[in-house]
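Below is one structure, written out as structure tokens; comments come after it.
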Amino acid sequence: MTKKYSIPQLPLPNPLIASQDGSFTELTITQRMPRIARRVITENNFPLEINQDLEQLAKDLISGHIKAFADDTGTDFISWQKYIQPYLQKRWLDVPWFFAETYFYRYILSITNYFQPGQWQNIDPFALQKQQSLTTSLDSTIKLAQQVNRWLAGNYQQSTLQVTALTNLLYFSLWGNRVDLSLWSAVADDGTQKNTGSTDVQEERDRSKFDVQSQESHILVNNIHPVIDLLLNSHKSASTRVDFIIDNAAFELVCDLCLVDFFLKSRLVTQVKLHLKFHPTFVSDAMIKDVNETINYFLTVNKSDMNLIGNRLQKYIKSGRLLLTDNYFWTSPLAFWQLTDSLQTDLAESSLIIIKGDANYRRLLDDRKWSFTANIADIICYLPAPMVALRTLKSEIVTGIKPAILQQVQATDADWLTNGKWGLVQFVE
């Protein structure tokens, strides 16, 4: 039976708006977004007319006003005409930040004729950045693939190994958009620390894996244990489905797919459903085509551990155990509590909803200025299944932090809300 969803049980605070001097939201609208628009110009071969419109958009962000984009054939065009009505002719700095960002990316697609029949139809204006990010993370991808296959080659039904694998893979999924090789260290397959005094560097590399647990001190809310308990107990059911609300392509998606692979190969989960963006947005957000291209990357790189995972992922898709879906809701400016009835009914079939990334977290809270210490369960009371948010902080919104931890992080890192060094594993039952 579908759980009846509702708005949060706390009074709604104001949304983030970019007009506050010196805020990260102001920086985003006036500096980051104009650079993104201009990078689209330099990284694509669009004609002069399109490039001029992109340049005008970059200028309007700073000193202009919100205008309706030209009529196009996007399925969501009529919806966007409704979304923008309250904000037409207002400065970009004076409207809710989440609306401004989502509209900005949809506006770019209209300018570049993404939906129009012709030469530029379905051309992802951010494709080059996604491809470069995927290929430059090859070393990390190889090491992660090696470790996943080690776990799966062992007795992965043994509870200690399951906990170790799930803990590390969930942390990978959390930190996947910012990891580098400096975080790799030698750890035994059972999770215990090995002696790292060996002088044989190659031997260390061969048996090393990503030491994500070293980052635990940077997780401000860490509910990983109830998440793992739920996963270890859910496989006792006749059918278990985990849903991912996916965030970024490239290495973050690699981390997500490796977690998916472990879920399905170990049979902790019967089925996994990925919820992806219908069109390009937020530069690196993943679409169905990005998942397929990433799997193909696993298959074509001359590395057996990557090939094994790629083959398994292909088989999961063919058998229906791995479902790839997209929906215009995920590229709209709407909050999670405005889920369509069809999505609400669909997610009610899930045993666990894994919500990835900063933008999706902002959508969970409607990008509003909640108290940093408010009870998150009083806000996220509208989803039809248990959920865990895996998020690195890259915006000025968060809730559910214990007062002592909040005081500590505020005292030690002035940019803690936006520098991506801090994370959350927040579970709501």
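Every number here is computed from the coordinates shown, using simple stated rules; none is lab data. As the structure is a computational prediction, the values presented were derived from the model and not from experiment. Neighbour counts are summed over all protein chains in view; Cβ atoms, including those assigned to glycine, are modelled from backbone coordinates with ideal geometry.
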Once the Cβ-Cβ distance between R178 and T75 is put in as r, and R0 is 41 Å, what FRET efficiency do you end up with, to the nearest 0.05? 0.75
Under the rule of at least 5 residues apart or a separate chain, name every residue whose amide H is placed under 5 Å from the amide H of N222. V425
Longest principal axis of the chain (C-alpha) makes with the long axis of helix 403-412 (C-alpha) an angle, in degrees to the nearest 10, of 80
The range 272-405, Rg to Rh (Cα coordinates; Rh as Kirkwood inverse mean 1/r): 1.02
Per residue, the convex hull enclosing the alpha carbons of the range 3-102 has a volume in Å³ of 158
For the range 63-79, take each phi angle, set θ = phi - 60°, evaluate the Karplus expression 6.51 cos²θ - 1.76 cosθ + 1.60, and give the result in whole Hz per residue in order, putting x for glycine and proline. 10, x, 10, 6, 10, 6, 7, 5, 4, 9, 9, x, 4, 8, 4, 5, 4
Among DSSP beta bridges whose residues both lie in the chain, state the antiparallel percentage, nearest 5. 40
Only counting other Cβ atoms within 10 Å, I'd like R35, R391 sorted with the fewest neighbours first. R35, R391
Give me, ordered by chain and number, the residues 5 or more places off D366 or on other chains with an amide H under 5 Å from its own placed amide H. F336
Sort 382-390, 399-407 by packing, meaning the average of other beta carbons within 10 Å per residue, with the highest value first. 382-390, 399-407
With +1 on the Cβ of every Lys and Arg and -1 on the Cβ of every Asp and Glu, the dipole magnitude of the chain about its Cα centre, in debye rounded to the nearest 20, is 620
Could you order peptides 82-90, 325-333 by the average number of other Cβ atoms within 10 Å of their residues, highest first? 325-333, 82-90
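Pull out a ≥ b ≥ c, the square roots of the eigenvalues of the alpha-carbon gyration tensor of the range 96-148, then state rounded if a/c is under 1.5, prolate if not and a/b is larger than b/c, and oblate in the remaining case. Provide the component values of the computation, followed by the final result.
Values: a/c = 3.98, a/b = 1.86, b/c = 2.14.
Note, shape of the range 96-148 comes out oblate.
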For F244, the net charge from surrounding residues (Cβ-Cβ under 15 Å; K, R +1; D, E -1) works out to -3
Choose one of L16, N375, S351: the residue whose Cα lies farthest towards the positive end of the charge dipole of the chain (beta-carbon charges +1 Lys, Arg; -1 Asp, Glu; about the Cα centre). S351
